[in-house]
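Have a look at the structure below before the remarks.
Every number in this text was worked out from the coordinates using simple rules, so none of it is lab data. Only a predicted model underlies this, so the values are computations on that prediction, with no experimental measurement involved. As a convention, Cβ positions derive from the backbone with ideal geometry for all residues, glycine included, and neighbour counts pool all protein chains shown.
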Amino acid sequence: MILRNQRVQPTDTDPQHKWLNSPVTYHNGNLTDIRNHIPVFERRGFGLTQADNQLSRLNKRLDTIVRRPFGDDKAFVPVGVVSKDYAFVQHGAVLDVVITAFEDVKIAPADVKAELKITEYGERMALSLSLPDKYHCDPGDGYPMALRLECLNSVDGSTRFRVLMSWLRLVCSNGLIIGVTHSEVRRRHIGDLGIAGVGAVLTSGLRESKSEKKNFESWRKSEITLNRIAPWVDKDLRKEWGFKAAARAFHIARFGYDADVVGQYKGSTPTTIAMQKTKRVPGAPTECRNLFDLSQILAWLAKERRDVQEQLEWREKIPDLMVHLRN
C-alpha cells in the first residue's frame with residue numbers, strides 16, 4: 001500500500017520508473033509536508049554564455065525555465081526551453097489551489113493523504129491526494145478503494161496540466177479513472193490554464209463518485225467466464241495494449257498470477273502462448289469471475305508500466321476496453 005498516514009520521508013529514486021526518461025522519486029505524507037519536496041523555478045531569457053568575449057544575444061522568441069537551488073543542491077539547473085507565450089505555472093501554485101479546493105468542500109487538508117511523484121530536477125510533478133476514509137468504497141470484495149484527486153503539472157511544457165478524479169484500490173495500489181468526461185481539467189500551457197478549475201473537478205468528482213460506487217457493485221454482479229474473456233483478449237486487448245500485455249492479462253484471469261511470455265510468438269495467440277508464472281497479483285482471485293475482477297487486472301497492468309505518463313494513459317483506456325464485454 002503506498003498511502004500511509006505518516007510524515008514525508010525522502011525516498012530513493014525508483015530505478016524501475018521514469019517519466020519521459022527522467023528518474024522519478026516518490027514522497028508520501030500530508031499536504032504541508034509534501035511542499036518541502038517541491039522546488040521553485042524561474043524564467044530567464046534564452047541565451048549563451050560566451051568565452052573570450054564572443055558576441056551573443058538572447059533569443060527573442062524563447063525563454064529558459066530554471067530550477068532554483070533546492071535542498072542540498074545549491075546550483076541553478078536549466079530544465080527546459082519554452083516559447084514566450086508559454087503559461088508558466090509553479091507546482092507550488094497548483095498545491096495552493098488544491099488546498100483551497102479541499103477547504104471549499106469542507107475537507108480538512110490535514111486529513112488528506114498525499115503521494116508526490118516528481119522527476120529528478122522537478123520539471124514534472126504528479127500529485128495524488130487520497131480523500132478521508134468516509135469517501136472510500138468497498139466494492140464487495142473486502143478491499144476498499146480510496147477516492148483520489150490527481151494533479152499533473154510540468155514547468156517545461158512536456159506534460160499538460162491536468163486534474164482528474166480516480167479510485168485507488170488499497171490492497172494493490174491499482175488505480176481506475178472515473179468521470180473523465182465531467183471531472184477533468186486538461187489544458188495546454190498557453191494562455192489561461194484554468195487551475196482554478198481544480199475545485200470544480202473535486203466537486204463534480206464527489207458527486208459522480210456515488211454513481212461510480214453503484215457501477216462497481218454492478219461490475220461485481222456481472223459474471224464473466226474465461227471462454228468469454230479469451231476472444232476479447234486475443235482481439236480487443238491485443239490491438240490496444242499489445243501481445244505481451246494481453247497474454248499477461250489472460251494468465252492473471254486464469255490463475256491470479258502475473259507471468260512472463262516464454263513461448264514462441266509465431267503461431268501463438270495471447271491466450272495460447274506458453275507463460276512462466278512470476279508473482280501473485282494482490283487482491284486478484286484465483287480465477288476472474290466478474291467484470292470488476294477484470295477491471296482490476298487491467299489496472300494492475302497499467303500500474304506496472306515503467307513510465308508515469310504511460311501509467312495514466314493506460315488507466316484512461318480501461319473503461320473503453322471494457323465496453324466490449326459489458327455489451
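Descriptive notes on the structure:
- Degrees between helix 198-221 axis and first principal axis of the chain (Cα, 0 to 90, nearest 10): 10
- Long-range amide H partners of PHE41 with built H, under 5 Å: ARG68
- Checked against a 19 Å cut-off, the cross-linked pairs LYS244/LYS303; LYS117/LYS210; LYS117/LYS244; LYS239/LYS279; LYS106/LYS214 give Cα-Cα distances beyond that limit for LYS117/LYS210; LYS117/LYS244; LYS239/LYS279; LYS106/LYS214.
- Amide H to amide H, with H built 1.01 Å from N, ARG306 comes under 5 Å of no residue 5 or more places away or on another chain.
- Measuring nothing but how far apart in sequence close Cα pairs (under 8 Å, 6+ apart) lie, relative to its length, segment 222-326 scores a relative contact order of 26 percent.
- Overall form of segment 222-326: rounded. Here a/c, set by the Cα gyration tensor axes a ≥ b ≥ c, is under 1.5.
- Dipole of segment 222-326 computed with +1 at Lys/Arg Cβ and -1 at Asp/Glu Cβ about the Cα centre; of GLN276, TRP314, ILE229, farthest Cα towards the positive end is GLN276.
- Label zone (THR32, point 7 Å along Cα-to-C-beta; backbone nitrogen cut-off 15 Å) within segment 112-156: 112-114.
- Rounded to whole Hz, the Karplus (6.51, -1.76, 1.60) HN-Hα couplings of segment 310-319, x for glycine and proline: 5, 4, 5, 4, 5, 4, 5, 7, 4, x
- Dipole axis of segment 41-83 (+1 Lys, Arg; -1 Asp, Glu on Cβ), positive-most option in PHE76, VAL66, ALA51: VAL66
- With 5 Å bins beginning at zero, the pair-distance distribution over Cα atoms of segment 41-83 amounts to 6, 22, 22, 19, 17, 10, 3, 0 %.
- Theoretical gain in end-to-end length, THR49 to GLU287 [0.36 nm per residue, Cα-Cα removed]: 79.4 nm
- Couplings 3J(HN,Hα) of segment 237-244, computed from phi: 5, 4, 5, 7, 10, x, 4, 4 Hz, in residue order, whole Hz [Karplus 6.51 cos²θ - 1.76 cosθ + 1.60, θ = phi - 60°; x for Gly and Pro].
- When THR225, THR159 are sorted by how many other C-beta atoms sit within 10 angstrom of their C-beta, beginning with the fewest, the order is THR225, THR159.
- Of the trypsin sites (Lys or Arg not before Pro) found in segment 75-129, the ones in coil according to DSSP and having at most 12 other Cβ atoms within 10 Å of their Cβ are LYS84, LYS106.
- Trypsin sites (Lys or Arg not before Pro) restricted to segment 224-323 and DSSP loop, no more than 16 other C-beta within 10 Å: LYS266, ARG289, ARG306
- Distant-in-sequence amide contacts of VAL89, defined by a placed amide H-H separation under 5 Å and a gap of 5 or more residues or a different chain, comprise nothing.
- What the phi angles of segment 106-120 give under the Karplus curve with 6.51, -1.76 and 1.60, with θ = phi - 60°, is a coupling list of 6, 10, 5, x, 5, 8, 9, 8, 10, 10, 10, 10, 9, 6, 3 Hz, glycine and proline written as x.
- Entry for Cα Rg over 2.2 N^0.38 Å (calculated from the structure that is shown) out of (i) 1.04; (ii) 1.10; (iii) 1.28: (ii)
- Counted by neighbouring Cβ atoms within 10 Å, the residues VAL40, VAL155, VAL323, VAL198 run from fewest to most as VAL323, VAL40, VAL198, VAL155.
- For LYS213, the aspartates and glutamates whose Cα comes closer than 12 Å to its Cα, not counting residues fewer than 8 places off in the same chain, are ASP138.
- Structure-based [θ]222 nm, the chain - -39500 (n - 2.57) summed over DSSP H runs of at least 4, per residue, nearest 500: -9500 deg cm²/dmol
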